[in-house]
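Laboratory data are not the source of any read-out in this text; all were calculated from the coordinates shown. These numbers come from a predicted model, not from an experiment. Reconstructed Cβ throughout: ideal geometry from the backbone, glycine too, with neighbour counts over all protein chains shown.
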């Protein structure tokens, strides 16, 4: 079974420098060779290193495009792809690949590490081995393998900043895959998307500036979908409405999601056409909004796409 390893950077391939850990060429490559010699990784692994290697804190939507292009271009030549990635934005990239790789024919497994391979007692060796085991056994789609867990690529989130078991995902019966007759690649541009978290007494000027300057907004609402019914928020949402930019609401709670209309305090959102993000993660909502802005130009088409469950990113 031929497997492609796409190395993008991240903690797993870092080494100590005077300024702290930073990506270093050769760390992941040497580990793969050593693990193959021990019989712990398959023999047929092709390696694609995306230069420059980055700390995933510096990842941008163009990096999503770079990774997606490589996978799309090679999926007919390989039976699976493993992507090594930094943990800080791994959940964003995982969700993005779900939306980018429509009609994906093979499994894609993202993994990384909380401690670099260059540090004794790291978790990178285990995660590498298990990622390659999963890619040989699982169905087509975008998955995350981390700390012994197989996670849905469209629902995963980083849930701990230091623990080896640092990722979680709500389960879904829908695979992390957009079905299509033929593989299609979708790329994103450079949309200005704001993520605004509701907070008691937050300044109206901040909300209004975002509504005036952004191409789309993700609102992190309270609980099951409420927001402060203030004049400032009303004006901001009216501006977004008048500009016909999409606004998606998700819950600040890591579990449970939203259900707009459960409480009267959600009326301000319903009155201004905020899309109910249900139980989408903020990472999935951000990525979906970015791809929707690139996919459809008319407001009705964008709303229809945002409200549709494309790859199990929310519970229908």
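Dividing the convex hull volume of the Cα atoms of the stretch 35-81 by its residue count, what figure in Å³ per residue is obtained?
102
Show that you can apply the helix-only estimate: for the chain, add -39,500 (n - 2.57) for every DSSP H stretch of four or more residues, divide by all residues, and state [θ] at 222 nm to the nearest 500. Intermediate results must be reported in sequence, preceding the final value.
On the way: 9 runs with 98 residues, N = 316.
That calculation yields -9500 deg cm²/dmol at 222 nm.
Using only the Cα atoms, what convex hull volume per residue in Å³ does the stretch 203-316 have?
Values: hull volume 10.8 nm³, N = 114.
Looking at the stretch 203-316, the number lands at 94 Å³ per residue.
For the stretch 1-91, what is Rg from Cα atoms divided by 2.2 N^0.38 Å, rounded to two decimals?
Details: Rg = 13.5 Å, N = 91, 2.2 N^0.38 = 12.2 Å.
Rounded to two decimals, the normalised Rg is 1.11.
If you count the DSSP beta bridges with both ends in the chain, what percent of them are antiparallel, to the nearest 5? Intermediate values should be presented prior to the final figure.
Values: 14 of 45 bridges.
So the antiparallel bridges in the chain amount to around 30 percent.
What ranking do 120-130, 191-201, 146-156 get when scored by the average of other Cβ atoms within 10 Å per residue, highest first?
On the way: 120-130: 17.6, 191-201: 14.5, 146-156: 22.9.
Top to bottom by mean Cβ count within 10 Å: 146-156, 120-130, 191-201.
Between the stretch 244-280 and the stretch 284-316, how many Å separate their Cα centres?
Their Cα centres are 15 Å away from one another.
Go ahead and set up a Gaussian network model of the chain, Cα springs under 10 Å, then flag whichever of 91, 294, 180 fluctuates most.
Top of the fluctuation ranking is 180.
Of 214, 187, 98, which has the largest mean-square fluctuation in a 10 Å C-alpha GNM of the chain?
Highest fluctuation among the options: 214.
Full extension from residue 25 to residue 197: what is 0.36 nm times the residue separation minus their Cα-Cα distance, to one decimal in nm? Mind showing how you got there, number by number?
On the way: separation 172, 0.36 × 172 = 61.92 nm, distance 3.75 nm.
Here the answer is 58.2 nm.
Order these by the 10 Å Cβ neighbour count, fewest first: 272, 160.
Values: 272 17, 160 13.
Taking fewest neighbouring Cβ atoms as first place, the list is 160, 272.
Please pull out the direction-averaged projected area of the stretch 3-185, using the convex hull of its alpha-carbon atoms, in nm² to one decimal place.
Numbers: hull surface 38.7 nm².
Mean shadow area of the hull around the Cα atoms is 9.7 nm².
Using all alpha carbons of the stretch 101-161, what is the percent of pairwise distances in each 5 Å bin, ordered from the shortest bin to the longest?
It works out to 4, 19, 27, 23, 15, 9, 3, 1, 0, in whole percents.
Run a plain Debye calculation on the chain (Cα atoms as equal point scatterers, no solvent) and give log10 I(q)/I(0) at q = 0.12, 0.14 Å⁻¹, rounded to two decimals, same order as the q list.
Computed log10 I(q)/I(0) values: -0.79, -1.02.
Indicate, rounded to the nearest 5 percent, the antiparallel portion of the DSSP beta bridges found entirely in the stretch 3-185. If you can, show how the numbers build up before the last one.
Values: 13 of 32 bridges.
About 40 percent, rounded to the nearest 5.
Stokes-Einstein at 20 °C, 1.002 mPa s, Kirkwood radius from Cα pairs: D for the stretch 121-261 in µm² s⁻¹?
Value of D from the Cα-based Kirkwood radius: 118 µm²/s.
Which order results if 89, 230, 17 are arranged by neighbouring Cβ count within 10 Å, fewest first?
Starting with the residue having the fewest Cβ neighbours, the order is 17, 230, 89.
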